[in-house]
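Student: Got a structure here, written out as structure tokens. Questions coming.
The values are calculated or read from the model by the stated rules, or taken from the named source; none is laboratory data. All of these numbers come straight from a predicted model, not from anything done at the bench. A quick note on method: Cβ atoms are made from the backbone with ideal geometry, for glycine too, and the neighbour counts reach across all protein chains shown. Remember, those area values only see protein heavy atoms, side chains included, never the ligands or the DNA or RNA. Shrake-Rupley method; radii C 1.70, N 1.55, O 1.52, S 1.80 Å.
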Amino acid sequence: MPTPLKTVAIVGRPNVGKSALFNRLAGKTISIVHDQAGVTRDRITAQCRRGPAWFEIMDTGGIGASTDDVLTDQVQIEASIALDVADLLMFVVDVVDGITTIDQSLARELRRTSKPVILVCNKADSPKRKLNAGEFSKFGFKDTVEVSAAHGHGIDDLVALVAERLELQESTETEDAKTGQNVRPLKLAIVGRPNAGKSSLVNAILGQERAIVSDVPGTTRDALDIQATWNGKKYQLIDTAGIRRRAHLDTVVEISSVDRSVQSIKRADLCLLVIDCAAGAKMQDRKIAQIILEERKPCILVMNKWDLFHPDAPQKDRIEFLDELMRREFFFLNYAPLVAISAKNKDHIGKLFVQIEKVRNGAQNRIGTGALNRLLANAIENTPGALGRSTHSFKLLYATQVNEAEGFAIPVPHFVLFANRASKLTDSYMRYLEKVIRDEWSAPGVPFKMSVRGKGPKKAK
């Protein structure tokens, strides 16, 4: 069993640069950075891969926030949990603003903990600002580091101090991971419109209140990367902000949240499109599904709030009606399996993971070149298309499945057809050939890429 990574929680009052420091340590932009107080709400985790060994970093909502955010109490609870589970605390202060009453209160609280604390004096990007860091010495913390998260100054010193205090040493496990020898967790992007139940699904999978759940639209703002294990298999859950219509986005932060959700779709191995089936599919649900289709991402349609969908009707009738209804609404995602769950009641979560593994395993199988050519040749012979068997119709010369680049946990099959008069192959006929392949070769949840090469203009579906 791999050794669990040590956890470092980044704490401090709002707007001192915690998220900027988190992103710098993670080596990528995960937390939203904005001057608005209270932007970060959930505990956000990632791995810091700098130094002798990896460790987990946790961004938290600003402690002691005094904002108009109705979720402030829940944010404080989340930050308190981070303090409890962390092995080391980074107490971030702002050398530009100097000491505040909230800083003083936090310092008193952190001095009471038995865990190691590193005082991180942020925004020290000039000699004058570094001098300002001296006033924080009155807090009495032994370990102090001056950094500029925005510019990367002092980060190496900070990581070295963390490694020293946590006694981190180079491990074989870390080396294997750095060289790519370990199999990485499957990335599952949990997407949907606001209040569909995405964060509730994350909590149901984890068996704990990990993501904040609220009726307030837009509760989740960052795309949260959360490690999870189900039946011994590792997954990386990407809990995203609800994707709302741009016309309804009120602030720069909300726009950034939605853009981050779209980016999460692009980097995911598999998208779980969560739909409130009790409320019915909305136009925004279909727009999100269209994004998934355009990005050629494997997908599962997760029908949440199943317990509220015609609860008094017979079970069989409910399932048949739901399947018929949603297949009509998402006809363009006909490759996506449908799973009905209740995240709130933790019902059928196991069925969802059975389907996730079916998608993963099905994508690994390849159809043989000989079998593919015989299958398509027979289909074309029996259904030659609108042009019939005239001398002006196309002729399939050869078909093959192209090897995609390595590194995809769920590879998307790419079928290339070589034909004369390739331009005669219409989009509708290409969809027919795709259906022929799907009927013979089951690959649930996985989109196909179909392209044609030969005489005439090249075209791709």
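Student: How many of the residues making up segment 318-346 are assigned to a strand (DSSP E or B) and of a type in the set (A, V, I, L, M)?
Tutor: Residues meeting the conditions: 3.
Student: Still on this structure, I have one more. With (1) at pLDDT below 75; (2) surrounded by 19 or more Cβ atoms within 10 Å (Cβ to Cβ) as the list, and Pro457 as the residue in question, which single condition is left unmet?
Tutor: (2)
Student: Here is a list of conditions, (1) open to solvent by 20 Å² or more (accessible area, probe 1.4 Å); (2) within 22 Å of Phe22 (Cβ to Cβ); (3) at pLDDT 50 or above; (4) not polar (S, T, N, Q), and Ile255 meets all of them except one; can you say which number that is?
Tutor: Of everything listed in (1) open to solvent by 20 Å² or more (accessible area, probe 1.4 Å); (2) within 22 Å of Phe22 (Cβ to Cβ); (3) at pLDDT 50 or above; (4) not polar (S, T, N, Q), Ile255 misses just condition (3).
Student: Between residues in segment 263-283 that are open to solvent by 50 Å² or more (accessible area, probe 1.4 Å) and residues that are part of a strand (DSSP E or B), which pairs lie under 8 Å by C-beta distance while being six or more apart or on different chains?
Tutor: Every condition considered, the pairs that remain are Arg267/Lys187; Arg267/Ala189; Arg267/Ile238.
Student: Modelled with pLDDT under 85 and surrounded by 14 or more Cβ atoms within 10 Å (Cβ to Cβ), is that true of Ala53?
Tutor: no
Student: Can you run down the residue pairs with Cβ atoms below 8 Å, 6 or more apart or on separate chains, where the first is in segment 192-204 and closer than 11 Å to Asp239 by Cβ and in contact (Cβ under 8 Å) with a residue 12 or more places away in the chain and the partner is part of a helix (DSSP H, G or I) and acidic (Asp, Glu)?
Tutor: Gly192/Asp285
Student: Right, something else. Which residues, counting only those in segment 392-416, are in contact with a Ser or Thr (Cβ under 9 Å, 6 or more places away or on another chain) and at pLDDT below 80?
Tutor: Phe394, Val402
Student: Name the single residue, out of those in segment 284-306 being part of a strand (DSSP E or B) and without any contact (Cβ under 8 Å) to a residue 60 or more places away in the chain, that is surrounded by the most Cβ atoms within 10 Å (Cβ to Cβ).
Tutor: Leu301
Student: Mind checking which residues of segment 417-449 are modelled with pLDDT under 90, touching a helix residue (DSSP H, G or I) at 6+ places or on another chain (Cβ under 7 Å) and surrounded by fewer than 20 Cβ atoms within 10 Å (Cβ to Cβ)?
Tutor: Across segment 417-449, the qualifying residues are Glu440, Ser442.
Student: Moving to a separate point now. For segment 1-50, enumerate the residues that are modelled with pLDDT under 85, over 19 Å from His151 (Cα atoms) and aliphatic (A, V, I, L, M).
Tutor: Met1, Leu5, Ala37, Val39, Ile44, Ala46
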